[in-house]
Amino acid sequence: MEDKDENQINNQDDFEFEKYPEDDEKNISNIESSQISDDILLDQDDDGFEKYKEDDNDSSTLVPVPPFVGGLEVENMENSNNQPDEFPVIKMDPKEKARRAEIRARIKEEKRRKREEKEKKRRNMVITVVVFGILLFIMWLVYFTLTDVMPEQLINQGKKYLEVHEYKKAMNMFKLAGDAKPYDEDPIYYQAVALSKMPLTYENQKALYEISQLEDFDKASKYADAVLTNIRKQIDKKIGSNYVDNVLYDDIVFRWNTDKPINYFISNNSNVTREYMDTIRSAFSLWSTASNGELIFRETMTSSDADIIVSLLNNIVMNSNRVSDINKSGNVTPIINNNVLEKVEVDLKTNYTNGRPYELGGFRMVAQHEIGHALGIWGHSSNPNDIMYYAGDYINEVNPNKSFSKRDINTLNLLYKMVPDIINTPIDPKEYDNLFYHYIITTFPGEDFELEMQRLLASLRDDTRNIPAWVDLAINYGIKKQYKRSNTILKSILPLTRNYSQFQFVILYNMAANYYKMKDYRTTEKLLQMTKMYGEDLDVHILEAFNDLKLDRIELGRGKLEVLNNKYPEHIEIALKLAQVYYFENEKLKAKEVIEKLLKVNPDAIRDRRVQKYRKYLMKYTAKEK
């Protein structure tokens, strides 16, 4: 019996049994069944009880197992002859044994599954890193090909097309190269080369002008400048001498569509004789002749049917609310709505500014001059021989019978060969290719600036009292930023013009502008007050608002700019200055609205670099705010 007991005990050498106090049955019952291994089951005797024996190496006495633990029934063998009373006998329920085996299998399976998932994640991570690295390499390879290899190949292919005079295909190659490498100057330069050899369509003219304005691409812009300057000289050679550079209305072209007659109506509010009415009709007829019959005029019986309304007045009250070319002899107001020229109102005064009535010859000259504005020649000529010379009163008294010059006729004809920004009825886009993009006409001078200065100086040597020549010379010195020399001339001739209010207006305004540029804002303010005694125009109001800002009258200057911007939202200088004021007052959303409004009514304003920079920054800022 002893040998059997020893064998039974030796079969469980790997097991240890916890020892519990005999009187702590409640605590023992809380022990998880997993603490008891199924391996404790030994061979059973005839009574079905397990027998335990202390380990040979363990001198401690075994403590009886609790009466019931996790499905094991435990009974004391007090009456057993084979084992001492302190050894318990454990009986294992077969179902419990199966349940525990199942639990162990599930635990083992869960551990295996977790190991597999961990290994799978590790493999996926390695694969992801490898694939990402491969993609980066491919992207770098593609970028290198597109930005270095392909653009060079495209440019070379474009050059080959240029050699065989296939300029359109060459242009496409250079454009693709430019798209692939936008910061490289070579594709832009070769685009200019290709454009210079292609037909001078409207789109090609615009493309050349845009390249000429690229400050960052010196080589390309200079080439485009040279091409456009040459084009302008060719135009002047074909058209003849002109002053079209001065005809624009706030840097835009407005004119009439020549597909149908232009209706006019004469309103006689000054009770003048019929001869004055006939003089106006004659003025329209002369302008029609000057246009080689392209402009056809028709008189209507009612103002509602008229495109141009001419009013004869004893006196003209200069209304600052009107868009007008302020002139004491007359006033012209274009009515523009959403870039559509609805009509033009012409006010003609029937007497000189000194109160003396106009002779018919003088009135005829005033009528021709003001109708010239109504037809789209918004600016003035600096040549006293032209009907559109700005000092009307002075010329009337010197030579009241003056009529159209060749320069007047050439300027009108060139104006009507430009694509308009504002017109009464749309032009067929197909006709655009037969017209000029006005920026290549007005941006690139047909006559060298120094030659103009020499002409003025020569004129003054012949006649030192030639006031118009002195004024032009002073203005040109201002353009060259020689403000002190300009003001010296203007001050010296001011006493000579006391009988000619228009000259005094021009002289005082230019003196104010020069002092503003010299940062003498107090003197600018005084001169502007004097200028307004002889007339007010848009330039005066703009300079006045700008000067208020420089004198730290922010609210006053801002208010004036807001009024001007509401009236002339298409005016670039007004919009930029107001946007700048809003920006520095941390009202960036308002600044953005001003720029957006400008671009809506004057889309070509986007070509102005200042507008581009403001718009780009304000778009980024407002995007961040959102």
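The values are calculated or read from the model by the stated rules, or taken from the named source; none is laboratory data. Because the structure is a prediction, the values reported are computed rather than measured. Neighbour counts run over all protein chains shown; Cβ positions are idealised from the backbone, glycine included. The area values use the complete protein model at the heavy-atom level, side chains included, leaving out ligands, DNA and RNA. Shrake-Rupley method; radii C 1.70, N 1.55, O 1.52, S 1.80 Å.
Every residue, every condition in (1) farther than 19 Å from Val419 by Cα; (2) free of Cβ contacts under 8 Å to residues at least 24 places away in the same chain; (3) in contact with a Pro (Cβ under 7 Å, 6 or more places away or on another chain), yes or no:
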site	(1), (2), (3)
Ile188	yes, no, no
Lys197	yes, no, no
Leu200	no, no, no
Tyr209	no, no, no
Phe217	yes, no, no
Lys222	yes, yes, no
Ala226	yes, yes, no
Lys238	no, yes, no
Val244	no, no, no
Of the conditions (1) open to solvent by 60 Å² or more (accessible area, probe 1.4 Å); (2) under 31 Å from the mean Cα position of the chain (by Cα); (3) modelled with pLDDT of 90 or more; (4) of a type outside the set (A, V, I, L, M), Trp256 clears all except one; give me its number.
-> (1)
Would it be correct to say that Ile493 is surrounded by 14 or more Cβ atoms within 10 Å (Cβ to Cβ), in contact with a Phe, Trp or Tyr (Cβ under 9 Å, 6 or more places away or on another chain), farther than 18 Å from Met530 by Cα and of a type outside the set (Ser, Thr, Tyr)?
-> no
Residue check, Tyr390 in contact with a helix residue (DSSP H, G or I) (Cβ under 8 Å, 6 or more places away or on another chain) and either at pLDDT 90 or above or farther than 22 Å from Asn242 by Cβ (or both) = no
Tell me, which residue of region 589-626 that is open to solvent by 40 Å² or more (accessible area, probe 1.4 Å), among the charged types (D, E, K, R) and modelled with pLDDT of 80 or more is nearest to Ile252 (Cα to Cα)?
-> Lys600
With respect to the numbered conditions (1) in a helix (DSSP H, G or I); (2) surrounded by 12 or more Cβ atoms within 10 Å (Cβ to Cβ); (3) out of contact with any strand residue (DSSP E or B) (no Cβ under 6 Å at 6 or more places or on another chain), which one is the sole condition not fulfilled by Glu294?
-> (1)
Return only the number of the condition from (1) under 30 Å from Glu152 (Cβ atoms); (2) at pLDDT 80 or above that Phe217 does not satisfy.
-> (2)
Quick one: count up the residues across region 259-280 that are open to solvent by less than 70 Å² (accessible area, probe 1.4 Å), within 12 Å of Phe363 (Cα to Cα) and modelled with pLDDT of 85 or more.
-> 5
Take the residues in region 417-435 that are not in a helix (DSSP H, G or I) and not aliphatic (A, V, I, L, M), then tell me which one is modelled with the lowest pLDDT.
-> Asp428
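Every residue, every condition in (1) modelled with pLDDT under 80; (2) more than 43 Å from the chain's Cα centre (by Cα); (3) under 24 Å from Lys517 (Cα atoms), yes or no:
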site	(1), (2), (3)
Asp448	yes, no, no
Arg455	yes, no, no
Ser459	yes, yes, no
Gly478	no, no, yes
Arg485	no, no, yes
Arg498	no, yes, no
Examine region 374-385 for a residue that is modelled with pLDDT of 85 or more, open to solvent by less than 30 Å² (accessible area, probe 1.4 Å) and more than 29 Å from Ala605 (Cβ to Cβ), and state whether such a residue exists.
-> no
Region 518-555, residues that are among the polar types (S, T, N, Q) and either touching a His at 6+ places or on another chain (Cβ under 6 Å) or without any contact (Cβ under 8 Å) to a residue 12 or more places away in the chain (or both) | Thr523, Gln529
Test Gln213 against the stated conditions and say whether it is touching a residue at least 12 places away in the same chain (Cβ under 8 Å), surrounded by 20 or more Cβ atoms within 10 Å (Cβ to Cβ) and either touching a helix residue (DSSP H, G or I) at 6+ places or on another chain (Cβ under 8 Å) or among the small types (Gly, Ala, Ser) (or both).
-> no
Looking at (1) surrounded by fewer than 21 Cβ atoms within 10 Å (Cβ to Cβ); (2) farther than 25 Å from Ala591 by Cα, which is the only condition Leu551 fails?
-> (2)
Residue hits (region 174-202; open to solvent by 40 Å² or more (accessible area, probe 1.4 Å), part of a helix (DSSP H, G or I) and modelled with pLDDT under 90) are Lys175, Leu176, Asp179, Glu185, Asp186
Complete set of residues in region 398-416 that are in contact (Cβ under 8 Å) with a residue 60 or more places away in the chain, part of a loop (DSSP other than H, G, I, E, B) and open to solvent by 30 Å² or more (accessible area, probe 1.4 Å) | Ser403, Phe404
